[in-house]
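Step one of this worksheet: look at the structure below.
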């Protein structure tokens with residue numbers, strides 16, 4: 001009767017959780033996924049020029065890859081759509097810029113400072129925004145990010161340089177080693193690989209299962225004895241730190257802080273990258289980031305300002321026909337070529353779980 | 001070991017005391033001065049017509065709804081102001097009327113979450129964890145076999161039939177090792193054959209010393225399970241006693257005949 005049961009439990013909770021998002025069956029295996037990922041990322045300076053890109057584009061893709069990876073921990077695992085992640089990206093970028101301009105040109109000092117800043121921002125915004133779910137959460141995060149943007153341009157303008165952004169930064173270095181060209185690329189790539197390894201670990205751990213359970217049914221989780229609030233906050237803070245690391249790297253790569261880093265359009269871009277690539281798959285959003293940046297830089301050079309129109313069409317097409325993003329497209333091709341595949345749900349929230357505080361009609365009874 | 005914050009020593013071995021609980025929803029008196037004690041390791045049924053306040057009473061017990069007046073004392077400590085997950089951590093589990101499960105996760109994951117709740121519920125990092133992941137998974141599959149879902153561990157919970165969802169939810173509750181299990185119509189929507197299987201399962205769980213409070217419409221279930229029955233009507237207790245006493249009570253007959261059916 002229960003012959004099929006125990007083979008899955010052998011690998012711990014990792015097995016059922018792990019094969020959700022992988023493109024191919026082999027990707028179930030964490031080390032395989034990580035090794036393949038690392039090779040693809042680190043070899044980017046070799047193959048990006050073949051596609052018409054340049055070295056700097058590889059660095060940008062890696063930096064944004066870190067940003068969207070963290071975003072996926074919050075949106076893909078936990079089901080919280082933040083429209084204000086620019087607050088952490090831009091916040092960390094400004095702190096980094098401030099360190100380079102006024103304090104020290106050492107990247108380690110700037111890194112630590114930027115992460116402390118991110119943590120403070122994440123705790124403050126999380127404590128308030130995480131009290132709500134769904135669209136209310138999205139709007140609260142958007143409002144906070146916009147407040148920060150407005151503050152940077154008004155009351156903090158003497159410090160941030162206002163609309164001009166933060167300029168005249170010292171050349172960042174690590175005890176004399178300049179952060180230019182391939183150096184910053186490899187540092188960023190290493191951070192992305194570490195971030196990816198951590199995200200994989202997280203997904204396949206009991207912690208990751210709790211996060212997925214929050215998305216599935218927060219009320220049941222609370223009534224199973226889990227402190228849902230702490231898990232939600234942890235996911236939010238971890239996610240914010242990925243954005244913070246990306247913000248730090250951005251300014252270290254190009255010693256200039258643009259006001260755009262805090263702008264809502266930055267938050268929007270992360271959402272677009274995630275959706276195009278495939279929410280909840282970890283690799284998908286990184287592919288999405290690569291795609292969008294490729295459009296912004298390479299395709300733009302060919303077709304001019306039309307690129308926004310084309311990208312918009314791609315986005316609409318994906319949302320309408322490929323709710324699972326590019327990763328789903330890869331799965332379809334895989335299936336069409338005669339391979340077997342496990343079913344995968346899209347990351348569209350279940351309508352049954354319309355929420356009050358913990359969800360469901362039970363509470364209203 | 002504090003015994004009863006209100007000073008009342010536990011004369012019998014009661015695991016749960018409901019003291020003068022009242023709850024209003026707008027103009028509706030959902031519960032009016034409800035007093036109830038549940039003996040440890042017993043099966044206690046709460047019955048009554050629709051809208052009698054049975055589910056509300058269970059919701060008050062686990063902190064889903066806060067009572068306007070009165071208090072619930074579990075295992076010697078009052079539960080007022082304790083957050084829901086802490087109430088559960090103290091040893092209460094609840095099976096809901098509409099099965100509450102994690103639909104997008106496998107059955108094994110559903111139950112394992114409860115298995116991890118003792119260790120990871122508070123999100124504390126404890127380097128001296130005695131509980132191993134494989135132990136939790138093994139226990140989770142054992143529990144699934146026990147509730148009759150052993151052949152479906154790798155399936156998605158959302159695809160189960162309603163009856164199976166109920167069984168799964170029961171499994172989730174058992175994995176948390178509760179002292180007190182609250183069941184809201186555990187056999188609703190089940191065929192007689194499945195109902196009997198569930199009754200057997202509930203009796204078997206009772207043998208392990210878990211106290212159970214059951215809301216049930218099906219009198220067959222109530223009288224084959226319960227050691228004590230409390231009858232609610234319009235938010236008030238109209239009878240409370242052993243099954244035979246309740247069965248013969250004219251007030252109970254009147255409530256059922258005059259109310260529903």
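The values are calculated or read from the model by the stated rules, or taken from the named source; none is laboratory data. Small disclaimer: the values here were computed from a predicted structure and weren't measured. Using ideal geometry, Cβ is built from the backbone for each residue, glycine included, and neighbour counts are taken over all protein chains shown.
Structure summary
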quantity	calculated
Tally, over the range A:231-247, of residues that are away from chain B (no Cβ under 14 Å) and either surrounded by fewer than 21 Cβ atoms within 10 Å (Cβ to Cβ) or farther than 10 Å from residue A:97 by Cβ (or both)	8
Of all residues in the range B:77-97 being facing chain A (nearest Cβ under 8 Å) and more than 22 Å from residue B:120 (Cβ to Cβ), the one that is modelled with the lowest pLDDT	B:97
Residue B:153 being buried (at least 21 other Cβ atoms within 10 Å of the Cβ), under 22 Å from residue A:203 (Cβ atoms) and touching a strand residue (DSSP E or B) at 6+ places or on another chain (Cβ under 8 Å)	yes
Any hit, the range A:149-171, residues being at pLDDT 95 or above and within 30 Å of residue A:280 (Cα to Cα)	yes
Contacts under 6 angstrom Cβ, first residue in the range B:181-205 being over 25 Å from residue B:15 (Cβ atoms), partner part of a loop (DSSP other than H, G, I, E, B), 6 or more apart	B:195/B:187
Selection count, the range B:101-120, where residues are closer than 16 Å to residue A:222 by Cα and touching a helix residue (DSSP H, G or I) at 6+ places or on another chain (Cβ under 6 Å)	12
Some residue of the range A:182-190 being crowded, with 21+ Cβ neighbours inside 10 Å, within 14 Å of chain B (Cβ to nearest Cβ) and assigned to a helix (DSSP H, G or I)	no
Residue tally, condition under 14 Å from residue B:175 (Cβ atoms) and either loosely packed, with under 15 Cβ neighbours inside 10 Å or out of contact with any strand residue (DSSP E or B) (no Cβ under 9 Å at 6 or more places or on another chain) (or both), over the range B:76-93	1
Test for residue B:158: is it within 10 Å of another protein chain (Cβ to nearest Cβ), farther than 17 Å from residue B:98 by Cα and in a helix (DSSP H, G or I)	no
Some residue of the range B:100-107 being within 18 Å of residue B:183 (Cα to Cα), touching a residue at least 24 places away in the same chain (Cβ under 8 Å) and more than 9 Å from chain A (Cβ to nearest Cβ)	no
Single match in A:53, A:76, A:12 (criterion: out of contact with any strand residue (DSSP E or B) (no Cβ under 8 Å at 6 or more places or on another chain), at pLDDT below 95, in the same structural domain as residue A:195 (by TED's automatic domain parsing) and outside any helix (DSSP H, G or I))	A:53
Yes/no for residue A:118 being touching a strand residue (DSSP E or B) at 6+ places or on another chain (Cβ under 8 Å), in the same structural domain as residue A:216 (by TED's automatic domain parsing), assigned to a helix (DSSP H, G or I) and touching a residue at least 40 places away in the same chain (Cβ under 8 Å)	no
The one condition in (1) modelled with pLDDT under 90; (2) closer than 22 Å to residue A:74 by Cα that residue A:189 fails to fulfil	(1)
Hey, residue A:311 closer than 14 Å to residue A:272 by Cβ and under 22 Å from the mean Cα position of the chain (by Cα) or not	yes
Helices (runs of 4 or more DSSP H) contained in the range A:246-343 and holding at least 1 residues outside the structural domain of residue A:85 (by TED's automatic domain parsing), free of Cβ contacts under 8 Å to residues at least 40 places away in the same chain and touching a helix residue (DSSP H, G or I) at 6+ places or on another chain (Cβ under 6 Å)	none
From A:140, A:174, A:148, A:127, residue being over 24 Å from the mean Cα position of the chain (by Cα) and either assigned by TED's automatic domain parsing to the domain that holds residue A:257 or surrounded by 14 or more Cβ atoms within 10 Å (Cβ to Cβ) (or both)	A:174
Residue tally, condition within 14 Å of another protein chain (Cβ to nearest Cβ) and over 22 Å from residue A:141 (Cα atoms), over the range A:198-212	10
Residue B:144 vs. criteria in contact (Cβ under 8 Å) with a residue 24 or more places away in the chain and within 18 Å of residue B:96 (Cβ to Cβ)	no
Filtered residue count, the range B:198-220, keeping only those that are farther than 18 Å from residue B:92 by Cα and touching a strand residue (DSSP E or B) at 6+ places or on another chain (Cβ under 7 Å)	1
Any hit, the range B:123-143, residues being under 19 Å from the mean Cα position of the chain (by Cα) and either within 20 Å of residue B:208 (Cβ to Cβ) or more than 9 Å from every other protein chain (Cβ to nearest Cβ) (or both)	yes
Any chance residue B:112 is at the interface with another protein chain (Cβ under 7 Å from one of its Cβ atoms), over 23 Å from residue B:190 (Cβ atoms) and in contact with a strand residue (DSSP E or B) (Cβ under 6 Å, 6 or more places away or on another chain)	no
Residues of the range B:16-60 satisfying the condition of being over 25 Å from residue B:254 (Cα atoms) and in a loop (DSSP other than H, G, I, E, B)	B:26, B:40, B:41, B:42
